[in-house]
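Undergrad: Got a structure here, written out as structure tokens. Questions coming.
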């Protein structure tokens with residue numbers, strides 16, 4: 001049987017070992033240079049207008065960091081770094097920038113069948129004149145991938161090509177290629193290993209209708225990794241709140257039917273159900289332990305609900321804080337030894 005202890009800590013000591021001052025004297029900036037990686041810049045004036053590092057003055061790392069931040073926020077560059085090169089009487093500061101190209105016209109699509117191109121463009125959200133590179137595209141196609149999943153196209157693959165068509169002006173054309181694959185709706189969701197918690201309760205935790213419910217056949221049943229992971233954690237919380245503190249809920253196992261549908265199975269290892277045994281308080285000197293036990297509200301023989309245990313710890317902390325002892329820490333320690 002489990003017992004629960006509540007440790008109350010009212011003091012905390014931080015030991016600090018101070019190191020010797022090892023700061024270096026910053027070099028004097030003798031010159032500033034702007035270099036590009038990839039496509040060259042016609043004019044470096046934009047970069048120089050945002051540089052706050054000054055020549056003939058000590059190099060200021062904080063100012064250089066602000067410069068990088070401002071240049072990246074402009075959207076014109078994929079990457080910006082600052083380096084120092086030793087030179088006579090000081091150092092040369094080098095700003096290394098990787099320029100992005102601009103979108104010359106609307107994004108084009110190949111292989112897209114299930115979504116209208118106009119809607120796909122809205123999902124990607126890029127318009128002619130916008131800056132673009134592989135990083136931008138990787139972020140922008142996420143919404144398109146999500147829409148394809150909603151349409152049961154869970155195997156869809158998306159790639160893109162950025163083709164410079166007017167290099168001297170930094171203009172490019174973007175083509176998005178989509179391999180939709182076969183539709184794969186979720187045909188069924190099943191559970192194995194559950195004895196204490198009925199399937200109907202688990203389905204509610206996963207927000208899945210019962211098999212006999214006509215709504216199951218009418219709704220769009222799609223498989224989404226994030227949604228099923230959230231549901232898995234919700235099921236585990238359900239067991240923890242019922243005293244199954246060792247419960248394990250495996251990630252969904254997905255099998256494909258011959259016709260392309262998905263069969264989802266969630267395996268559960270319930271373990272033993274624990275109940276509250278002896279409850280005690282240690283580390284409390286300001287208030288009587290029996291008074292704190294009354295506050296926590298736990299009773300012997302009750303289900304060892306993790307939520308109830310955490311709520312009891314919070315109640316003891318509130319008891320201290322309401323009497324002026326702010327910052328009191330209460331940590332439940334669960335002992336499952338018989």
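Undergrad: Given the conditions (1) crowded, with 19+ Cβ neighbours inside 10 Å; (2) closer than 29 Å to residue 256 by Cα, which single one is not true for residue 132?
TA: That leaves (2) as the condition not met.
Undergrad: Can you tell me which residue within the range 88-111, out of those that are in contact with a helix residue (DSSP H, G or I) (Cβ under 8 Å, 6 or more places away or on another chain) and buried (at least 20 other Cβ atoms within 10 Å of the Cβ), is farthest from residue 180 (Cα to Cα)?
TA: By that ranking, first place goes to 93.
Undergrad: Look at the range 292-307 and say how many of its residues are free of Cβ contacts under 8 Å to residues at least 40 places away in the same chain and either outside any helix (DSSP H, G or I) or in contact with a strand residue (DSSP E or B) (Cβ under 9 Å, 6 or more places away or on another chain) (or both).
TA: Just the residues of the range 292-307 that are free of Cβ contacts under 8 Å to residues at least 40 places away in the same chain, to begin with: 293-295, 297, 299-302.
Restricting the remaining residues to those that are either outside any helix (DSSP H, G or I) or in contact with a strand residue (DSSP E or B) (Cβ under 9 Å, 6 or more places away or on another chain) (or both) gives 293, 297, 299-302.
Residues that pass the stated criteria total 6.
Undergrad: Looking for something touching a helix residue (DSSP H, G or I) at 6+ places or on another chain (Cβ under 7 Å) and at pLDDT 85 or above - is there at least one such residue anywhere in the range 270-292?
TA: Within the range 270-292 (the criterion being touching a helix residue (DSSP H, G or I) at 6+ places or on another chain (Cβ under 7 Å) and at pLDDT 85 or above), the answer is yes, since at least one residue qualifies.
Undergrad: Please pick out the residue among 107, 53, 94 that is under 25 Å from residue 165 (Cα atoms) and touching a residue at least 24 places away in the same chain (Cβ under 8 Å). Don't jump to the end; show me each part of the working.
TA: Numbers: 53 fails: under 25 Å from residue 165 (Cα atoms); 94 fails: under 25 Å from residue 165 (Cα atoms).
Checking each option against the conditions leaves just 107.
Undergrad: Something else now. So which residues in the range 250-269 are modelled with pLDDT under 85 and part of a loop (DSSP other than H, G, I, E, B)?
TA: If the condition is that a residue be modelled with pLDDT under 85 and part of a loop (DSSP other than H, G, I, E, B), then 257, 258, 259, 260, 261 are the ones that fit.
Every residue, every condition in (1) modelled with pLDDT under 90; (2) within 30 Å of residue 166 (Cβ to Cβ), yes or no:
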residue: 9; (1), (2): yes, no
residue: 12; (1), (2): yes, no
residue: 19; (1), (2): yes, no
residue: 24; (1), (2): yes, no
residue: 35; (1), (2): no, yes
residue: 42; (1), (2): yes, yes
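Undergrad: Now for a different question. Could you tell me whether the range 293-312 includes any residue that is more than 28 Å from residue 233 (Cβ to Cβ) and surrounded by 12 or more Cβ atoms within 10 Å (Cβ to Cβ)?
TA: Yes, the range 293-312 contains at least one residue that is more than 28 Å from residue 233 (Cβ to Cβ) and surrounded by 12 or more Cβ atoms within 10 Å (Cβ to Cβ).
The values are calculated or read from the model by the stated rules, or taken from the named source; none is laboratory data. The model shown is predicted, which means the values in this text are computed figures rather than measured ones. Neighbour counts are summed over all protein chains in view; Cβ atoms, including those assigned to glycine, are modelled from backbone coordinates with ideal geometry.
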